[in-house]
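Encoded as structure tokens, the structure appears first; notes follow it.
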Amino acid sequence: MKRLAIVVPCFNEEEVLPITVPELERVIFELIQAQKISVDSQIVFVDDGSHDQTWPLIEHFTDSDDHVTGIKLSRNFGHQDALIAGLTSVVSSFDAVVTIDADLQDDVNAIKQMVDCFLAGAEVVYGVRSSRQTDTWFKRSTAEGFYKTMNFLGVHMVPDSADFRLLSQRATQTLLDYPERNLFLRGIVPLLGFRSAKVSYERHARVAGVSKYPLKKMIRFAVDGITSFSTAPIKLIMNLGFLIVLICIGLLIYTLVQKIQGRVVSGWSSLMISVWALGGVQLICISVIGEYVGKIFTEVKQRPRFTIERNLLQEQIEAKSSNK
Ligand code: UDP
Ligand code: MG
């Protein structure tokens with residue numbers, strides 16, 4: 001029978017964990033009862049350098065529960081890298097992996113449908129939100145704008161799907177073969193290929209705690225997403241440059257004509273405006289290029305994407321094999 005791992009990244013989630021664990025437990029239990037997954041299936045919590053009681057809680061649940069285990073990262077690496085850490089740890093010993101947030105915003109019952117799709121042969125199953133009513137207006141509209149921009153730039157993501165999905169072992173391995181440091185999973189998963197399916201679900205509000213994605217992190221995430229998939233912004237800058245040169249030629253002719261006709265303009269306002277406008281445009285352009293240079297910088301360093309401090313899953317596997 002197939003072994004399923006549910007990978008849950010957690011960053012300061014002490015408030016939701018006691019609610020999340022029984023919920024996921026129930027799903028695993030029902031799936032085992034229905035004989036869809038094997039009894040060795042596991043829920044793997046990845047503690048992304050939390051400062052609160054998250055890790056002690058994970059350890060506690062690992063001890064009290066056969067289906068729960070945890071991985072502790074040495075510091076906060078961020079959501080995407082925490083997911084990668086989880087996937088890397090489970091890929092060799094599980095047939096399929098579901099990734100889900102700790103806050104129960106995604107419907108845990110959809111996992112059952114995902115498993116059905118997997119058993120029917122799909123290797124990538126996307127969780128797609130049927131509505132975002134429970135997200136704030138701000139989150140909804142910024143997310144919508146982001147998906148539209150990405151689409152416009154030629155990055156085709158599955159709309160309204162986040163990091164709630166199922167990957168087969170083969171798809172996970174393929175994903176992990178992408179070596180880039182700036183990993184934007186949502187953009188890469190559709191590139192994997194394989195047979196895919198979608199499961200739609202209702203997105204709820206967080207059961208407890210606050211979002212770990214403040215505006216600053218959200219903007220960073222969006223900029224990373226765009227610049228790691230598309231060089232369109234650089235082309236845009238080039239076009240802007242051409243446009244400005246054209247305008248300049250026009251202005252030059254205009255100024256010369258004015259001068260020849262002897263109408264000397266005081267010119268202060270136009271001068272000021274062009275100085276500021278051009279200065280601004282130049283700074284933006286440089287920063288966009290800088291963003292790409294920065295990306296190259298982080299890629300060439302080839303630093304590890306995460307560091308594991310403690311791996312309870314590994315410890316369990318080792319203990320089992322020494323008992324045999
Ligand atoms: N998360 C993480 N590391 C971080 C930030 C978030 O592992 O640096 C986890 C967090 O614990 C949660 C998931 O990523 O399980 C999604 O975060 P959150 O629910 O705060 O984001 P939102 O749903 O508001 O976009
Ligand atoms: Mg959330």
What is the percent of Cα-Cα separations in region 18-57 that go past 16 Å? 46 percent
About the Cα centre, and with charges only on the beta carbon of Lys, Arg (+1) and Asp, Glu (-1), how big is the dipole of region 180-324? Nearest 20 debye, please. 340 debye
Hey, with R₀ at 25 Å, roughly what FRET efficiency would E30 and S64 work out to, going by the Cβ-Cβ distance, to 0.05? 0.80
Any chance you could tell me what percent of the C-alpha pair distances in region 175-324 go past 29 Å? 53 percent
Top mean-square fluctuation among I226, I84, I244, Gaussian network model of the chain, C-alpha springs under 10 Å? I244
Build a GNM of the chain with springs between Cα atoms under 10 Å: which of K259, K72, K301 gets the top mean-square fluctuation? K259
Based on the alpha-carbon set only, what is the convex hull volume of region 97-207 divided per residue, in Å³? 105 Å³
Any chance you could check the Cα centroid distance between region 218-256 and region 257-324 for me, in angstrom? 15 Å
Which whole-number percent gives the relative contact order of the chain, counting Cα pairs below 8 Å spaced six or more residues apart? 22 percent
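So how strong a dipole does region 185-255 carry about its Cα centre when Lys and Arg Cβ are +1 and Asp and Glu Cβ are -1, to the nearest 20 debye?
420 debye
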To the nearest 0.05, how large is the calculated FRET efficiency for S130 and A205 if R₀ is 22 Å and r is the Cβ-Cβ distance? 0.90
Three-way shape label, region 72-147, alpha-carbon gyration tensor, a/c 1.5: oblate
Answer with one residue from S269, S322, G294: the one whose Cα lies farthest towards the positive end of the charge dipole of region 254-324, charges on Cβ with Lys, Arg +1 and Asp, Glu -1. S269
Arranged by the count of other C-beta atoms within 10 angstrom, fewest first, what order do F229, F118, F138 take? F138, F229, F118
Ranking I71, V91, I19 by how far each Cα lies towards the positive end of the charge dipole of region 3-131 (+1 on Lys and Arg Cβ, -1 on Asp and Glu Cβ), the top one is V91
Just to verify a number: FRET efficiency for K259 and I219, C-beta to C-beta distance, R0 = 45 Å, to 0.05? 0.45
Please get the size of the charge dipole for the chain, origin at its Cα centre, with Cβ charges of +1 on Lys and Arg and -1 on Asp and Glu, quoted in debye to the nearest 20. 1660 debye
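Taking only the Cα atoms of region 1-113, how large is their convex hull per residue, in Å³?
Per-residue hull volume (Cα only) is 90 Å³.
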Per residue and in Å³, how big is the convex hull formed by the alpha-carbon atoms of the chain? 158 Å³
Which order do peptides 147-154, 277-284 fall in by mean Cβ count within 10 Å, highest first? 147-154, 277-284
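Bear in mind these aren't lab numbers, they're just calculated from the coordinates by the rules spelled out. Note that the structure is a prediction, hence the values are computed from the model and not measured. Methodologically, a virtual Cβ is constructed for each residue, glycine included, from the backbone with ideal geometry; neighbour enumeration extends over all protein chains shown.
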